[in-house]
Ligand SMILES: Cc1cc2nc3c(=O)[nH]c(=O)nc-3n(C[C@H](O)[C@H](O)[C@H](O)COP(=O)(O)OP(=O)(O)OC[C@H]3O[C@@H](n4cnc5c(N)ncnc54)[C@H](O)[C@@H]3O)c2cc1C
């Protein structure tokens with residue numbers, strides 16, 4: 001009997017049948033990854049006429065006890081003489097699995113984004129109704145002020161909002177790139193778009209899910225004691241998001257994939273192409289956007305230096321690269337979000353008169369992002385490029 005742990009929705013009674021996609025080896029296949037095929041293993045065998053037949057040899061051993069996502073049954077599945085149907089070409093199972101996993105990785109990033117948005121909306125509502133302490137510009141006489149009047153709470157809310165809206169803009173742009181990669185009539189354009197999506201897949205997965213942790217933690221802080229207790233439900237968002245940096249390949253594995261496999265591939269130097277694209281798309285002759293572009297350019301230069309450092313260390317010091325890969329991913333994420341914010345700003349300034357309140361809010365939020373969030377880039381760069389000597393030489397007792 002074979003066993004597979006941690007299977008999301010491995011069993012339930014929401015549908016009349018369940019199909020499991022399982023990678024396994026056909027009896028005459030070569031050893032190693034070259035002999036892996038993809039099989040479809042149903043819970044119930046389907047009869048010739050399409051009706052549900054007898055139970056297949058796949059059963060639930062147990063259900064994992066988890067800190068969050070309690071609405072999703074995570075199962076240990078036992079496979080005992082189960083019938084599987086090969087799908088896709090024989091011995092090419094890993095390719096098929098990665099097609100699915102790449103989509104899943106983007107979806108997990110978006111899961112982090114969705115949880116972040118829920119945390120933000122709840123925090124904003126709470127900050128507008130909870131009164132505590134005196135703000136610096138208080139007009140409330142002897143009484144307390146709403147906590148939204150405190151600069152520190154406002155900073156926290158804007159941190160959430162500016163990251164979430166930037167991430168969302170990046171997602172829309174990437175969705176467009178995905179469409180181009182699938183349907184554009186020019187093969188070269190299709191390939192270029194596909195490379196960008198591939199480069200950004202680990203970034204979306206990791207950056208969005210990591211930011212989801214920062215945002216749900218800040219949300220809990222805004223709720224104070226009621227954030228930690230179960231009364232307001234905010235702690236659930238923190239627990240639910242905690243899986244996103246872990247499943248579909250941990251965020252460290254994503255960062256390793258980014259630096260060792262995605263920067264340069266068989267189609268060339270993808271990261272350099274992406275940096276050139278950002279430069280081209282942000283070369284804008286609009287006075288009001290220039291201060292934002294200047295800040296982006298300063299951080300783009302850091303990204304270029306960081307990329308060169310990674311490429312050099314790749315030749316002779318892989319530990320330096322491994323110790324820097326998470327920081328590199330964050331730098332790329334922050335630059336990518338700034339690129340998206342520039343696109344939002346372009347529309348905001350052009351269409352400003354059509355909806356002043358909406359676009360003014362976008363411009364103010366971008367101001368926060370470029371002044372308060374983007375400068376993290378420099379810190380990631382400086383710490384990462386200090387290398388790995390102090391990390392690898394340390395003796396843990
Ligand atoms: C709730 C839940 C649902 C899940 N659903 C599914 C599912 O439906 N299908 C499925 O197939 N799987 C599923 N998983 C499994 C999940 O994808 C894995 O748990 C996850 O990829 C991490 O693998 P691991 O647990 O073996 O951790 P490990 O690989 O043991 O990692 C432990 C730590 O070591 C680090 N690490 C490992 N290798 C390296 C390296 N080379 N360099 C640097 N650091 C490294 C990791 O980043 C991590 O911090 C689920 C897991 C959970 C908890």
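For this structure, a couple of remarks:
- Filter result for residue 359 (without any contact (Cβ under 8 Å) to a residue 24 or more places away in the chain and outside the structural domain of residue 168 (by TED's automatic domain parsing)): yes
- Members of segment 230-278 found to be free of Cβ contacts under 8 Å to residues at least 12 places away in the same chain and part of a loop (DSSP other than H, G, I, E, B), listed by number: 230, 231, 246, 250, 266
- Note on segment 237-250: among residues that are within 10 Å of the ligand (Cβ to nearest atom) and surrounded by fewer than 20 Cβ atoms within 10 Å (Cβ to Cβ), the one that is nearest to residue 121 (Cα to Cα) is 242.
- Identity of the residue in segment 5-24, part of a strand (DSSP E or B) and within 10 Å of the ligand (Cβ to nearest atom), that ends up nearest to residue 240 (Cα to Cα): 8
- Within segment 90-135, the residues that satisfy the criterion of being out of contact with any helix residue (DSSP H, G or I) (no Cβ under 7 Å at 6 or more places or on another chain), in a loop (DSSP other than H, G, I, E, B) and under 28 Å from residue 234 (Cα atoms) are 133, 134.
- Residue match in segment 26-34 (condition: in contact (Cβ under 8 Å) with a residue 12 or more places away in the chain and buried (at least 16 other Cβ atoms within 10 Å of the Cβ)): no
- For segment 35-54, the set of residues classified as touching a residue at least 24 places away in the same chain (Cβ under 8 Å) and assigned to a loop (DSSP other than H, G, I, E, B) consists of 43 only.
- Evaluation of residue 218 against (1) surrounded by fewer than 18 Cβ atoms within 10 Å (Cβ to Cβ); (2) more than 16 Å from the ligand (Cβ to nearest atom) (one fails), failing number: (1)
- Among the residues of segment 103-135, those that are touching a strand residue (DSSP E or B) at 6+ places or on another chain (Cβ under 8 Å), surrounded by fewer than 16 Cβ atoms within 10 Å (Cβ to Cβ) and within 12 Å of residue 222 (Cβ to Cβ) comprise 128, 129.
- Residue 189 being surrounded by 20 or more Cβ atoms within 10 Å (Cβ to Cβ) and assigned by TED's automatic domain parsing to the domain that holds residue 120: no
- The residue list 322, 338, 305, 348 contains one member that is within 22 Å of residue 193 (Cβ to Cβ) and assigned to a helix (DSSP H, G or I), which is 338.
- Cβ-Cβ under 6 Å pairs, at least 6 apart or on other chains, segment 302-319 side over 15 Å from residue 273 (Cα atoms), far side loosely packed, with under 15 Cβ neighbours inside 10 Å: 319/392
- Just one of the numbered conditions (1) at pLDDT 95 or above; (2) away from the ligand (no atom under 15 Å from the Cβ); (3) assigned by TED's automatic domain parsing to the domain that holds residue 304 is not true of residue 265: (1).
- Failed item, numbered, when residue 195 is tested on (1) surrounded by fewer than 20 Cβ atoms within 10 Å (Cβ to Cβ); (2) farther than 30 Å from residue 128 by Cα; (3) more than 16 Å from the ligand (Cβ to nearest atom): (1)
The rows are residues; the columns are (1) in the same structural domain as residue 212 (by TED's automatic domain parsing); (2) under 27 Å from the mean Cα position of the chain (by Cα); (3) in contact (Cβ under 8 Å) with a residue 12 or more places away in the chain; (4) within 30 Å of residue 53 (Cα to Cα).
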| site | (1), (2), (3), (4) |
| --- | --- |
| 66 | no, yes, yes, no |
| 116 | yes, yes, yes, no |
| 120 | yes, yes, yes, no |
| 143 | yes, no, yes, no |
| 153 | yes, yes, yes, no |
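The values are calculated or read from the model by the stated rules, or taken from the named source; none is laboratory data. On a predicted model such as this, the values are computed, not experimentally measured, just so you know. Cβ atoms come from the backbone with ideal geometry, glycine included; neighbour counts cover every protein chain shown.
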